[in-house]
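The structure appears below as structure tokens.
The values are calculated or read from the model by the stated rules, or taken from the named source; none is laboratory data. Here the structure is a predicted model, which means the values were calculated and not measured. All Cβ positions, glycine included, derive from the backbone under ideal geometry; neighbour counts span all protein chains shown. Quick note on the areas: whole protein, heavy atoms, side chains included, nothing else; ligands and nucleic acids left out. Shrake-Rupley method; radii C 1.70, N 1.55, O 1.52, S 1.80 Å.
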Amino acid sequence: MVFASNEGNSEVGVQVGEQLYLGLDFGTSGARFALIDKGGTIHAQGKREYPLYKMLSMQYEFSKQVAYIKEASYRKRKETMDWVRSWKQTLFLLLEDVPFHLRQIIASISIDGTSATTMIIDSTTGEPLWRPFLYNESCSDALPVVKSIAPENHTVCSGSSTLCKLVSWWNSVDSNKESAALLHQADWLLWLLHGNLGVTDYNNALKVGYDPELDSYPPWLLSQPYSQLLPSVKAPGTPIGVLKEDIRTQYGFAKDCAVCTGTTDSIAAFLAARATKPGKAVTSLGSTLAIKLLSTSRVDDARYGVYSHRLDDKWLVGGASNTGGAVLRQIFTDEQLENLSEQINPMKTSPLDFYPLPTVGERFPMADPKMAPRLHPRPESDVEYLHGILESIARIEGKAYSLLKDLGATQVEEVFTAGGGAKNEKWTKIRERLLGLPVSRAIQTEAAYGAALLALKGAQQCAQ
Ligand SMILES: Nc1ncnc2c1ncn2[C@@H]1O[C@H](COP(=O)(O)OP(=O)(O)O)[C@@H](O)[C@H]1O
Ligand SMILES: O=C(CO)[C@H](O)[C@H](O)COP(=O)(O)O
């Protein structure tokens, strides 16, 4: 646990009667919180790695001859991560990390999670009926069915979409369908706090097929038998209820502490950067590379993994590549990254041409579940190797922004960086050289800060 509080730091004292707003970010490799006041000053922040809980999972294999077999042909039991237990534990550890004396004046809470991380739960108890489908998992078995019902190149026409995960589950089980419901990771964590099942936000709902322009699920989706599992959709930062009484008393939060709808991690990172003009963009260099460009025009094209999230009256056009920090972490420790980066000349072009992926499969700017990582030949020098990887990831970023322009989005004119990679100044310079644009570290680089801004938005709605 890394914990920072501004306790004792006089200039961030809390004024009498002042209230604070808590944002929680459940990212790929860990979770964080940020506690802010209405002016955006941070009063406390912290992070937790996910505890590693293992569980035996039923690995269903299907007969290749029968598309929708009623019974699994055989089952393998293998050890797998118990994400549900890990996320739940992390949520309450983060609440414990919030300074006790500040909890009483927290007016609202919001949470962001990884996009398309899909949970099938019991609609009465909220308990999971199945293991979660993670954000980058591809359920391509469902793709033909999804493509047969959705408009051509719709956002859901990707194996990693929430809808493909829902259809894959629906076609692989025979029981529990009538009592099942779908939630996203952030929705389920928020439910643990407020207790009202079946609510999501229009950012998380995008990849199950929600249309943020119509502000509804489209008819082609509502006519499907599994549409009964879909949650109701509200704008991000909408108050859903207040903190459950048992949690409130156990942790010492205020009686009317509101719990508000959340968003996805890369949208929260965009909100944190507070980029408000079309043409401004945020690249989240976390475990993945997620791009969000503020555009006056909407662009959706699943052939390239491009989709548009709604942000009030504009569009956040972009996508998420599987390249990014996860590949770096497979090869280097954070300390090695720091030391090796120091020795890189960012003005020198690396001759190495890689496509860094942590495993097979890419989502954006090419949607290719079979794309293999390319990280060889590895040079003798680790400095040159890291330089080649950073430059190759920057080239992918450049291709992504060019693609968005070619597809009709507002031309990018400035890029802010969020996520763990934002601290790497040499990487920033490499990216600036390749993008030919101003690239800088966002003032606030943590998605948790964006989630806290959503909590602030929700509290202001409560006050109206
Ligand atoms: N100095 C650095 N240069 C480049 N990448 C870094 C550096 N330090 C950490 N990272 C990368 O940042 C990533 C973690 O960023 P973070 O935003 O916490 O990820 P996430 O929220 O997606 O789990 C790691 O994958 C790590 O490789
Ligand atoms: O890569 C990811 C996890 O970090 C998510 O896919 C990322 O959140 C992108 O999804 P969205 O654009 O819907 O936020």
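In table form, for the structure just shown:
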read-out	value
Cα gyration tensor category, rounded, prolate or oblate, for segment 275-442 with a/c compared to 1.5	prolate
Candidate lysines - alpha carbon under 16 Å from K177, same-chain residues fewer than 8 apart omitted	K70, K165
Hits among lysines - C-alpha to C-alpha of K255 under 27 Å, sequence gap 8 or more where chains match	K38, K47, K88, K234, K244, K457
Nearest-0.05 FRET efficiency for S232 and E342, computed from C-beta distance (R0 41 Å)	0.20
Prolate/oblate/rounded label for the chain (Cα gyration tensor, a/c 1.5)	rounded
Residue-normalised accessible area of the chain, expressed per residue, 1.4 Å probe, Å²	42
Relative contact order (%) - segment 275-442, alpha-carbon pairs under 8 angstrom, separation at least six	28
Positive-end extreme of charge dipole, the chain - chosen from P132, S160, G241 (charges on Cβ)	S160
Within straight-line cross-link reach of K399, lysines at Cα separation under 16 Å, skipping those fewer than 8 residues along the same chain	K292
Under Karplus coefficients 6.51, -1.76 and 1.60, residue-wise ³J(HN,Hα) of segment 366-382 in Hz, glycine/proline x	10, 8, 9, x, 9, 5, 8, x, 10, 9, 9, x, 7, x, 4, 7, 5
Per the chain, cysteines lacking a partner by the 4.7 Å Cβ criterion	C157, C257, C260, C462
Relative contact order (%) - criterion: Cα under 8 Å, at least six apart; region: the chain	16
With all protein chains modelled, accessible area of S440 [1.4 Å, Å²]	40
Accessible-area composition of the chain, carbon plus sulfur, in percent [1.4 Å probe]	51
Segment 361-417, relative contact order [Cα under 8 Å, separation at least 6], %	26
Chain lengthening between K255 and Y53 when straightened (0.36 nm per residue, less Cα-Cα)	69.4 nm
